[in-house]
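Here is the structure we will look at.
No value in this document is a laboratory result; all are computed from the given coordinates. The shown structure was predicted, so the numbers you read here are calculated from the model rather than taken from an experiment. When we count neighbours, we look across all protein chains shown, and the Cβ atoms used for this are built from the backbone with ideal geometry, even at glycine.
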């Protein structure tokens, strides 16, 4: 298939705008309706699926660094959505539990969009995943964004 560069560039830009718009719309809806951020909802949803999930495991499931996940959980705990519980056998392990307030919110809230993206990426075969990975890495290079701190989409966390 022959690619016309100007048409391909135009389609790439439109596709990126659609992705950013979908994430922005979702984040705005969650914030307006539930008073929390999209990433906070994603964390609550992840914890709800595995009550007593260790803090480190939550970070792995959300593909986040330890300091980022700690800050996010701090905010959720402060707002009364989660509680930390130290493991009795290994006091270094902190397990996360939804509070009643957190359980009520998660029942009413939509599915997290980040989870949708990760689920979709996980469903790809290795060749498809590699193609997207290489393409995204090339875009990061083009945008000279390799050393930028990566935060959540449309979030200040």
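Sorted from longest to shortest, the spans of the Cα atoms of segment 94-148 along the three principal axes equal 46, 29, 24 Å.
Angle check, please: helix 5-34 long axis (alpha carbons) against the longest principal axis of the chain (alpha carbons), in degrees 0 to 90, nearest 10. For helix 5-34, the angle is close to 20 degrees. Computed from Cα positions, the angle between helix 126-142 and the longest principal axis of the chain comes to roughly 80 degrees. Please label the shape of segment 79-124 as rounded, prolate or oblate, based on the square roots a ≥ b ≥ c of the eigenvalues of the alpha-carbon gyration tensor (a/c under 1.5 means rounded; beyond that, a/b larger than b/c means prolate, else oblate). Judged from the Cα gyration tensor, segment 79-124 comes out oblate (a/c at least 1.5, b/c at or above a/b). Projected label points at residue 60 and residue 140, each 7 Å from Cα along the beta carbon direction, are separated by 2.1 nanometres.
Per residue, the average separation of C-alpha pairs within less than 8 Å and at least 6 apart gives segment 15-142 a relative contact order of 26 percent. The simple spin-label model puts a point 7 Å past each Cα toward its Cβ; for residue 117 and residue 11 those points are separated by 2.2 nm. Computed per residue of the chain from DSSP H runs no shorter than four, each worth -39500 (n - 2.57), the mean residue ellipticity at 222 nm is -20000 deg cm²/dmol. Per the Debye formula with a single identical scatterer at each Cα and no solvent contribution, what log10 I(q)/I(0) holds for segment 1-81 at q = 0.21 Å⁻¹? Relative scattering, expressed as log10 I(q)/I(0), comes to -0.96. Each principal axis of the Cα cloud of segment 15-142 was taken in turn, and the coordinate range along them, longest first, works out to 46, 35, 25 Å.
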